[in-house]
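The values are calculated or read from the model by the stated rules, or taken from the named source; none is laboratory data. Note that this is a predicted model, so its numbers are computed, not measured. Cβ sites come from the backbone with ideal geometry, for glycine too, and all protein chains shown count toward neighbours.
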Amino acid sequence: MDVTEENLATLANYLQQTLNPDPNIRRPAEKFLESVEVNQNYAILLLHLIDKDVVDLTIRVAASIAFKNYIKRNWPVEEDGVDRIHASDRATIKTLIVNLMLKSPEAIQKQFSDAVSIIGKYDFPEKWPSLIPEMVEKFATGDFYVINGILRTAHSLFKKYRYEFKSQKLWEEIKHVLENFAKPLTDLFVATLDLTNKHASDLQALRVIYGSLVLICKVFYSLNYQDLPEFFEDNMPIWMPNLLHLLQVEVPGIDDGDDENPGIMERLRTQVCECAALYALKYEEEFGPHAAGFVTAVWKILLSTGPQPKYDALVSNALTFLAKVAEKNTYKSLFEDPATLSSICEKVVIPNMEFRESDMELFEDNAEEYVRRDIEGSDVDTRRRAACDLVKSLAAHFEDKMMHIFGQYVQMMLAKFEAEGSGAWRGKDAAMYLVTSLAARGSTLAAGVTRASPLVDVAAFAAAHALPELQRDPNELPVLKADAIKFFMTFRSILPKDLIVTAFPLIIQHIGGRGVVCTYGACAAEKLVAGGMVPRPALQPHAPALLAALFAALGDHTAPADHNEYVMKAILRTLACLQESALPYLGDALPKLAQMLAVVAKNPCKPHFNHYLFETLSLAVSLVTKSNPNAISAFEDALFPIFQEILQNDVQEFMPYVFQMLSLLLELRGAGGGDSAGDGDAYGALLPCVVAPALWERAANVRPLVRLLCAFVAARPQLVISSGRLNAMLGVFQKLIASKTNDHEGFYLIQTMLYKFGMSVMEPYVKQIMTLLFQRLSSSKTTKYVRGLIAFLGFYATQFGADPLIDVIDSVQTNMFGMYVERVLVPELQRVGGALERRAAAAGCVRMLTDSQHFRHGALAPAWPRLMQALISLFELPTDESTLPDDHFIEVDDTPGYQAQYAQLTCAKGVADDPLASISDTKRYLAERLGEACRANPGLYPPRLAALDEPYRNTLQLYLNTYGVQVC
């Protein structure tokens, strides 16, 4: 693709079509662009189009988004070595992108900034050493549009330091950045502060300058996150007083926000509080001299800041800073005065826990977002969560004082509610939040709060103040209803069982409520059942009401708002707990679930809901067919048309689920025996699609497709053979085994094929299979592959004999098995992990040591003692977790482009045959087989046992004694 005016016009035309709301125009354009992006110069064409001022800005922005997505999909080189971007294009992109970004409009600049960050993730600093110097030299331009572009890019590039695990590579990268960027950033910080004075009367200029300071603080935070750099420690006299100044400075008239959205000064102070909290938490000794000044400044901000949502992030970060300071013994003296604690409670904690109008709007109009913040813990940036954290930090040091002071306020708010009724509900709401914060001492996601303060009687509070809310009219004071349900949910592990049993039917009633109350009711029911607080006998009497309420809460399934993940999860959990007792309810439930699947397949927008829906369908299939195997036909009739539509429309998010459910249905159909009318044709038509290469290109499909192929092998072996698809399956195996990511799936597939087809079918292919396995071993010897190979060859030796294994491997290359024993099996056996893999590896070694003529009298006989010692080490020592030189680690984010990630359906796992089921105790297996070998070959083994090192000899003798085996 040459960079010509004609090609630029064509590209612009297709980009224009991708913006068309008509899918008949939009989709072909998207497919065309996807098909040509592999061509050389495609990305360069995009960059030239973006650079043309005469082109409509909408198309330029679309081109910048297409460019970013192209980089995201293609810049990472696939682990199998396929580079989809030409080397000259890579170089050109890195040459052009920074300058082009800085001269582009802001909407395009942000896309370029993300693209630089993606490229930097893979190329910086080794393959892009010029990036930081190129960025730094732009600081000298004095043009804040350019400078802010650089700062945005730096923030995008460096923010990964906030969450990446420590490693030598990370330290080296940060060191490189600090050496080249820390001083220029500090100089820019000082120069920018100076400009705030020079332009004190120019509000427009000040907005830009203070905007730069926000970005500088973000970059400063990232560079300081992993550890305190020496440069910034040396320059704390520059940074800390100036950051404190930014907390205190007033700039009349600069406010560019409104009541909902923070202005420039709120954003700046929010960032400064975040930086101060980082230093207070991680670098308390160095921060100590500055702590008191920051505490005073933050306190003043909290006292002077109103309840408007625009201040939420600032107040949250300010409270977080106080909480981090309060955690440290170094700063205890700042808070220990009872008057200070009382003031914190009255003037900071309670005002920021109170339910505001904006909270009520969220509660009533956007229940999903309210729940996301409250239940899921994503309210990290909310005032309430930050105020709770501050209470917990203070309670850790001053529990008695806190309980006394805060307890008085709680009693006062509850008494006011009792006296004034519904008009004072906000006080009771805050009181319940405060009690939760004061009482909780330890918690887990699965069990809620597991340890409470001995100074708070949680059970008495629940009985006196939470339970009565659930006993009132379900439509009265919905916020307090939600609070009460949440209280039972939070303290479920430590509340008395009789109180839970009393509350459970009341919670079910509230699933029939609206919005937040319904969701809290479903979530609470699910957690109480999941945690065993409501076991099956207690659940059964309430099951009809619970399931009726849950299905009613799903509405008519047509609107996304009906797709409530908490409700769906509660249905799944209820059915899973009831097991066969759920059968009476499934007749009504299944048509609703199938209809729901048909609806969501047209627009899959809620991943968790979709996952629980597929889990519920899988569970229903398993439960019903276990009771009535013939019911499988009804499931196939109901689900196949929906599955067919999902596959035909290429609904990527659902395809891994569909393959797993098809596997389950096929296994159950096979287990039930025989085909129903037409069933063989349906599965037979599916098999050619499953081995088609296109489906295997998506990472999320690989494991479910392997599972489906294995289901065909197990349930339809004749279909595989008669359709001529065996070679195609072996081709899939060849592709999988060559991949570092998917080689374990290759082992699973070929093991299943060998086990199910047997040698009568597979013998002609075994030599080629072994050739491929050892070619991969020589080209890329990763830890995972070595583990898989040892376990697989162990399975083969156990299933088909040790000598046939040795003979076929030696037929590939003379003495290859001997080299495998010396270089892989003996030195690496200890690496094998996982119960099944270790059992296969151990059983295979036993067969080699006790059955093989090659080990008995042949060329492998000298290796017998070393292999025996390696086997005993496998039994007695922990797994060797060290890594081999060829290892690399593939992160989820490394998957090119957007792809739905594989999510296993627990309820669709099926029951896999265990080819080694008869060998449950491998030590016994060794002792008994060795005893048999000794009796068959008198006098052969005692000298070999004597040649073992003493610790191994003693351990082996212990095995023999334990299982009553005599060695002649």
Within the set of pairs 6 or more residues apart or between chains, which connect a residue that is more than 16 Å from residue 300 (Cα to Cα) inside region 325-354 to a residue that is not in a helix (DSSP H, G or I) with Cβ atoms less than 6 Å apart?
-> 326/335
Listed by first then second residue, the pairs whose first member lies in region 691-713 and is over 20 Å from residue 905 (Cβ atoms), whose partner is assigned to a helix (DSSP H, G or I) and among the small types (Gly, Ala, Ser), with beta carbons under 6 Å and at least 6 positions apart or on separate chains, are 691/728
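Residue by residue, here is whether (1) touching a Pro at 6+ places or on another chain (Cβ under 7 Å); (2) outside the structural domain of residue 181 (by TED's automatic domain parsing); (3) surrounded by 16 or more Cβ atoms within 10 Å (Cβ to Cβ) holds:
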position: 114; (1), (2), (3): no, yes, yes
position: 119; (1), (2), (3): no, yes, yes
position: 129; (1), (2), (3): no, no, no
position: 133; (1), (2), (3): no, no, no
position: 139; (1), (2), (3): yes, no, yes
position: 145; (1), (2), (3): no, no, no
position: 154; (1), (2), (3): no, no, yes
position: 163; (1), (2), (3): no, no, no
In region 704-736, what count of residues is obtained for those that are in contact with a Gly (Cβ under 9 Å, 6 or more places away or on another chain) and not in a helix (DSSP H, G or I)?
-> 2
Check residue 850 against each of (1) in a loop (DSSP other than H, G, I, E, B); (2) touching a Lys or Arg at 6+ places or on another chain (Cβ under 7 Å) and name the one condition it does not meet.
-> (1)
Helices (runs of 4 or more DSSP H) wholly inside region 453-511 that include at least 3 residues being in contact (Cβ under 8 Å) with a residue 12 or more places away in the chain and out of contact with any Pro (no Cβ under 7 Å at 6 or more places or on another chain) | 467-471, 478-490, 497-511
Need at least 2 residues that are of a type in the set (A, V, I, L, M), loosely packed, with under 15 Cβ neighbours inside 10 Å and not assigned by TED's automatic domain parsing to the domain that holds residue 205 per element, so show me which helices (runs of 4 or more DSSP H) inside region 233-317 make the cut, counting only ones lying wholly within it.
-> 284-304
From the options 229, 184, residue that is in contact with a helix residue (DSSP H, G or I) (Cβ under 6 Å, 6 or more places away or on another chain) and farther than 23 Å from residue 277 by Cα = 184
State whether one or more residues within region 542-559 are acidic (Asp, Glu) and either within 27 Å of the chain's Cα centre (by Cα) or surrounded by 22 or more Cβ atoms within 10 Å (Cβ to Cβ) (or both).
-> no
Residues located in region 80-129, provided they are in contact (Cβ under 8 Å) with a residue 24 or more places away in the chain and among the hydroxyl-bearing types (Ser, Thr, Tyr) = 88, 92, 104, 113, 117, 122
Pick out the one residue from 588, 637 that is closer than 13 Å to residue 665 by Cβ and surrounded by fewer than 20 Cβ atoms within 10 Å (Cβ to Cβ).
-> 637
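Here's the yes/no breakdown for (1) within 29 Å of residue 504 (Cβ to Cβ); (2) in a helix (DSSP H, G or I); (3) in contact with a helix residue (DSSP H, G or I) (Cβ under 8 Å, 6 or more places away or on another chain); (4) modelled with pLDDT under 95:
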site: 571; (1), (2), (3), (4): yes, yes, yes, no
site: 574; (1), (2), (3), (4): yes, yes, yes, no
site: 579; (1), (2), (3), (4): yes, yes, yes, yes
site: 586; (1), (2), (3), (4): yes, yes, yes, yes
site: 592; (1), (2), (3), (4): yes, yes, yes, yes
site: 631; (1), (2), (3), (4): no, yes, yes, yes
site: 634; (1), (2), (3), (4): no, yes, no, yes
site: 637; (1), (2), (3), (4): no, yes, no, yes
site: 645; (1), (2), (3), (4): no, yes, yes, yes
Qualifying residue in region 413-426 (condition: buried (at least 19 other Cβ atoms within 10 Å of the Cβ) and small (Gly, Ala, Ser)) = no
Single unsatisfied condition, residue 167 versus (1) more than 26 Å from residue 2 (Cα to Cα); (2) of a type in the set (S, T, N, Q); (3) at pLDDT 90 or above = (3)
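Okay, residues lined up against (1) under 16 Å from residue 447 (Cβ atoms); (2) among the small types (Gly, Ala, Ser):
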{"site": "492", "(1), (2)": "yes, no"}
{"site": "500", "(1), (2)": "yes, no"}
{"site": "504", "(1), (2)": "no, no"}
{"site": "508", "(1), (2)": "no, no"}
{"site": "517", "(1), (2)": "no, no"}
{"site": "524", "(1), (2)": "yes, yes"}
{"site": "542", "(1), (2)": "no, no"}
{"site": "545", "(1), (2)": "no, yes"}
{"site": "553", "(1), (2)": "no, yes"}
Pick from 552, 545, 570, 522: which is more than 17 Å from residue 661 (Cβ to Cβ), of a type in the set (Gly, Ala, Ser) and touching a Cys at 6+ places or on another chain (Cβ under 9 Å)?
-> 570
Would you be able to tell me the number of residues in region 283-324 that are basic (Lys, Arg) and in contact with a Leu (Cβ under 7 Å, 6 or more places away or on another chain)?
-> 1
The number of residues in region 797-819 that are assigned to a helix (DSSP H, G or I) and hydroxyl-bearing (Ser, Thr, Tyr) is 2
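Matching residues to (1) in the same structural domain as residue 135 (by TED's automatic domain parsing); (2) touching a strand residue (DSSP E or B) at 6+ places or on another chain (Cβ under 7 Å); (3) surrounded by fewer than 16 Cβ atoms within 10 Å (Cβ to Cβ); (4) of a type outside the set (Phe, Trp, Tyr):
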{"residue": "169", "(1), (2), (3), (4)": "yes, no, yes, yes"}
{"residue": "181", "(1), (2), (3), (4)": "yes, no, no, no"}
{"residue": "202", "(1), (2), (3), (4)": "yes, no, yes, yes"}
{"residue": "206", "(1), (2), (3), (4)": "yes, no, no, yes"}
So residue 748, is it surrounded by 16 or more Cβ atoms within 10 Å (Cβ to Cβ), over 36 Å from the mean Cα position of the chain (by Cα) and within 23 Å of residue 787 (Cα to Cα) = no
In the set 828, 822, which member is touching a helix residue (DSSP H, G or I) at 6+ places or on another chain (Cβ under 8 Å), closer than 18 Å to residue 852 by Cβ, charged (D, E, K, R) and in a helix (DSSP H, G or I)?
-> 822
Scanning region 920-954 for residues that are surrounded by fewer than 17 Cβ atoms within 10 Å (Cβ to Cβ) and within 45 Å of the chain's Cα centre (by Cα), the one farthest from residue 845 (Cα to Cα) turns out to be 951
Being surrounded by 15 or more Cβ atoms within 10 Å (Cβ to Cβ) and either free of Cβ contacts under 8 Å to residues at least 24 places away in the same chain or outside any helix (DSSP H, G or I) (or both) is the filter here, so list the residues in region 1-29 that pass it.
-> 1, 10, 14, 17, 29
State whether the residues of region 452-460 include one that is farther than 21 Å from residue 510 by Cα, crowded, with 19+ Cβ neighbours inside 10 Å, within 32 Å of the chain's Cα centre (by Cα) and of a type in the set (A, V, I, L, M).
-> yes
